[in-house]
Structure formats: C-alpha cells, structure tokens
Amino acid sequence: MSLLYISDAPRAAAWARFFAEAAPDIAFRVWPETGDLADIEYVVAWQAPSGLLASLPNLKVLFSSGAGVDHVDFSAVPSGVQVVRMVEPGIINGMVEYATLSVLALHRDLLDYLAFQASGAWRTIEVLPASARTVGVMGLGVLGQAVLERLGAFGFRLRGWNRSARRIEGVETFAGDETLHRFLAGCDILICLLPLTSQTRGILGRGLFHALPRGASVINVGRGGHLDQAALIEALDAGQLGRAILDVTDPEPLPADSPLWRHPRVTLTPHIASMTQPETAAPRLLENLRRHQRGEPLRDVVDRQRGY
Ligand code: GLV
C-alpha cells in the first residue's frame, strides 16, 4: 500500500521525513516517482496531474493539501474516491494571525498612518475603542470560528453569517440569503472566509457593498472569485467603502495592469494569509488516514454536491 504525495521538493522532503518515522508501513511516494500505480491508495495533492487519478485502480482517498477545494475538478475524481480538505492547526493559526493583523490595521488606522508618514504629515485620527466597532465574518467554518474567537478577546462586537445556522457564544449569527443584508448593515469591517462555490462566486459585489454602512472596510481571505473587482473600485472611489485588504485575486498572480495594484485604498498580499504547515499537517493527515484504515469515518470529507 502506498501514498503518493504531489507538491514541491522542499515540502515533499518534510512530509517524507515525517512518514518515514511515524508510518514506516506506508510506502511514501513523491510524484513523479509513483512506483506501481496499483499500490497507490492515498494521494495528497493541491492539484493532481490530469488523468492521474483515473489511472489509479485502488485509489481510496484524495487529500487536498489546502483548506479550499474549489480548484479540484470533481469530474476527474473517480466516484468511489473520498475527497478530504486540509484542516490543521497551522492553517488555522495562520488565518487567525492574518485576520487579526488586518482587522487591527484597519481599527487603528495603520494604513492611513503609513500614507501620512510617506507624505511627512504629523496628523492624528480619533482613536476608538474596539467595542465601538463591529467585525462580521462570512463563513462560519473552522477558520471563521477561530478568527471570531480571537477577535472577541480584543473586545470587538462580533457578527457572523453562514449558509446554515450556527450558534457561537458572543457572536450575533445570521443564516441564509434572506438575512444577508441585515447582517451586513451592522458590519464596520467585513471578512470573507467563504468557500468558493457557484453560489458564492461574485458575492463581494455592488449589492453587498451598498448594504454595508458607508465607509466600511472589506478583507478578502476567501478566493479571488468571490470579488467583483470593478464593483470594489467603484465602491471605494464613491466612498461607500473605506478600504479593502485582499490576500486573494482572480487571476493569481494579479496582472500587472490591474488598477488594484495602485489603488490608494487597496492593500494586496499574494495569497499568503495562511499556509499548510508540514509539521502540523502531516500528523493530522496520518491520524485521519489511520481512521480510514480502521474503517472509521474520515474527518473533513468534502460534500461533492455542496463543493466544500
Ligand atoms: C489556501 O488558499 C488553501 O485553500 O489552503
């Protein structure tokens, strides 16, 4: 029985070291050295080369090496194969750090002060307590909940919106499309942590921006496909939105001629908010794989119909 790992060489080396020590019974193969294709029962990949999965007669589980699975072509995954998304402490902590960094930068006007410094201006903006601001998170999965929990420690007022109902202590939660505008109406800072599906594509668009209070800011750490870029620029230029912090764009990398690069109220990072960390991800994946071997249900299985 073997596991095929598909990624770059430094990551592969870290994963191979862990598996050699913790699971010597599993033959750890690194793409393109597949060994006998019939031996492969597990694949770990961000994106499997086209046609590969269908050529593995005994494949049981495809583990995504990332939290999102919108890039997975489910039609290329044989129907009996389960798809598992990556949920691990390294990804969660990275996302909590980035969201906290972004919310605090907006809350304490850091991006304005960087601009003041660049122009040599000694200028102050009134400091508000965290309790005077409401942060709203769209997408109340593992990542959204972890972000809210940490932000709560600063004293922000918290809101959350999700497709299905969730109860989270200290958070005013909203469920379903019919509550979206009520949710948005109270958010000073909005964080998008939704999965990208046909229902959420373009959700950060004109209607949503106008449902926010005037001057609200948006942080997108979901996917670039959530955002209507033209609508964002229009809302920023009209003053409807204060600022946008974007870690994801569509496409990536962002083309050199995109107006987002130079917009004074857009802050961009190149999809680095959160990364799978081999030290925490490999043990977590092995634990899940062992569950499968024992015939127990896998954790973090993707619902192909829902797409997350
Ligand atoms: C990164 O974007 C991921 O899905 O893990």
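Things to note:
- Taking the numbered list (1) open to solvent by 70 Å² or more (accessible area, probe 1.4 Å); (2) touching a Cys at 6+ places or on another chain (Cβ under 9 Å) in turn, I203 passes all entries but (1).
- From G202, G242, G222, residue being touching a strand residue (DSSP E or B) at 6+ places or on another chain (Cβ under 6 Å), at pLDDT 95 or above and assigned to a loop (DSSP other than H, G, I, E, B): G222
Listed here are the residues, each with its yes/no results for (1) over 18 Å from I191 (Cβ atoms); (2) of a type in the set (A, V, I, L, M); (3) under 23 Å from the mean Cα position of the chain (by Cα).
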position	(1), (2), (3)
P213	no, no, no
V221	no, yes, yes
E234	yes, no, no
D237	yes, no, no
W261	yes, no, yes
I272	no, yes, yes
A281	yes, yes, yes
L286	yes, yes, yes
Y308	no, no, yes
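- Only a single item in (1) out of contact with any Leu (no Cβ under 7 Å at 6 or more places or on another chain); (2) within 16 Å of the ligand (Cβ to nearest atom); (3) not in a loop (DSSP other than H, G, I, E, B) is not met by G207, and it is number (2).
- Only one of L158, L212, L194 that is of a type in the set (A, V, I, L, M) and closer than 27 Å to R304 by Cα: L194
- Conditions (1) within 16 Å of the ligand (Cβ to nearest atom); (2) assigned by TED's automatic domain parsing to the domain that holds G202: number failed by Q240: (1)
- Filter result (among the acidic types (D, E) and over 17 Å from V83 (Cβ atoms)) within the range 33-57: E33, D36, D39
- Verdict on H263 being open to solvent by less than 70 Å² (accessible area, probe 1.4 Å), within 14 Å of G66 (Cα to Cα) and without any contact (Cβ under 8 Å) to a residue 40 or more places away in the chain: no
- Every residue from the range 37-69 that is in contact with a strand residue (DSSP E or B) (Cβ under 8 Å, 6 or more places away or on another chain), open to solvent by 50 Å² or more (accessible area, probe 1.4 Å) and more than 16 Å from the ligand (Cβ to nearest atom): D39, N58, K60
- Meeting the requirement of 2 or more residues that are buried (at least 21 other Cβ atoms within 10 Å of the Cβ), of a type outside the set (A, V, I, L, M) and in contact (Cβ under 8 Å) with a residue 24 or more places away in the chain, the strands (runs of 3 or more DSSP E) wholly within the range 105-190 are 157-162.
- Considering the range 71-103, the residues that are acidic (D, E) and surrounded by fewer than 18 Cβ atoms within 10 Å (Cβ to Cβ) include one that is nearest to the chain's Cα centre (by Cα), namely E97.
- T100 passes every criterion in (1) outside the structural domain of I245 (by TED's automatic domain parsing); (2) among the polar types (S, T, N, Q); (3) in contact with a Phe, Trp or Tyr (Cβ under 9 Å, 6 or more places away or on another chain) apart from (1).
- Any hit, the range 248-259, residues being of a type in the set (D, E, K, R), touching a residue at least 60 places away in the same chain (Cβ under 8 Å) and open to solvent by 20 Å² or more (accessible area, probe 1.4 Å): no
- Looking at L298, L286, just one residue is closer than 24 Å to E88 by Cα, outside the structural domain of V142 (by TED's automatic domain parsing), in a loop (DSSP other than H, G, I, E, B) and more than 16 Å from the ligand (Cβ to nearest atom), and that residue is L298.
The values are calculated or read from the model by the stated rules, or taken from the named source; none is laboratory data. This structure is a prediction, so every number in the text was calculated from the model and none was measured. Note that we place each Cβ from the backbone using ideal geometry, even for glycine, and neighbour counts take in every protein chain shown. Ligands, DNA and RNA are excluded from the accessible area calculation, which covers all protein heavy atoms including side chains. Shrake-Rupley method; radii C 1.70, N 1.55, O 1.52, S 1.80 Å.
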